[in-house]
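Accompanying notes for the structure given below.
The values are calculated or read from the model by the stated rules, or taken from the named source; none is laboratory data. None of the values given here were measured: they were computed from a predicted structure. Neighbour counts are summed over all protein chains in view; Cβ atoms, including those assigned to glycine, are modelled from backbone coordinates with ideal geometry. Protein only, heavy atoms only, side chains kept; ligands, DNA and RNA dropped before computing areas. Shrake-Rupley method; radii C 1.70, N 1.55, O 1.52, S 1.80 Å.
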Amino acid sequence: MLKDLKRSALRVGLFVLMVAALPFVLLFAWHINNVLFANPRYAAEVFEQFLDEFAVLESRRWHPIGGQFHWDCTFAIVGLPETAPDHPPTRKRTDTWTNWQLKWGGKDWRPTPAAPLPSNTRDAIGSCAHNWAPLVADRIGKALAQPGSFVIIGPSGESVHLYSKPYKIAARVRFGD
C-alpha cells in the first residue's frame, strides 16, 4: 500500500510539473517559430504583393521576447532589380485582405528628401538602423536624404515606408510595441 501511495504521489507531482512547465514550453516554441520561420519570411510576405522581383536584405516581423524594452523594431527591407518601376507600385491583387503588419505604401507617397521629423516624434529609422547591415542602413539614409525616392512617414514617426529606384531599395520599418 505504501508503495502504491508513493507511486501515485510521484505521478501527481510529475503531472503538476508538466502543467506548470507547459506555458514556458509553448512560449519557447512560439519564439523559436518566429526566429526560424516568421522573421526571415516577413519581408517576402510584405513585398510579394507589390513586386515580381526583389532580394530580401533585412527581415524581422517580431522583436525579441524578453528584450530590454517593450518597444522595438520590425522591418521588411528588400533590394530592387534594375527593372523596378520608377514610382512605388500598387498591390498586384486587390481582392485579398492584408493584415496591418503586411501593409506597405498607400496614396500618401512624398518625394524625398524627407522633411525633418517634428520634435516629440519617434524616429523609426534612427531607432532601428543599428539592426541592419551597414550598407543597408547607408542606402536607406541616402534614399531619404536625396531626391528621386518616395517615402511615407506615419504621423507619429513610428512607421516609415520607403521606395527608391535610384538606391534600389524598398522598406517597411516600424518602431513600436
Which of the residues belonging to the stretch 139-177 are within 16 Å of VAL56 (Cα to Cα) and charged (D, E, K, R)? ARG139, LYS165, LYS168, ARG172
For the stretch 104-123, give me each residue that is among the basic types (Lys, Arg) and assigned to a loop (DSSP other than H, G, I, E, B). LYS107, ARG122
Top-ranked residue in the stretch 144-177 [being assigned to a loop (DSSP other than H, G, I, E, B) and surrounded by 15 or more Cβ atoms within 10 Å (Cβ to Cβ); ranked as farthest from the chain's Cα centre (by Cα)]: PRO166
Of the residues GLY141, GLY126, which single one is open to solvent by less than 40 Å² (accessible area, probe 1.4 Å) and not in a strand (DSSP E or B)? GLY141
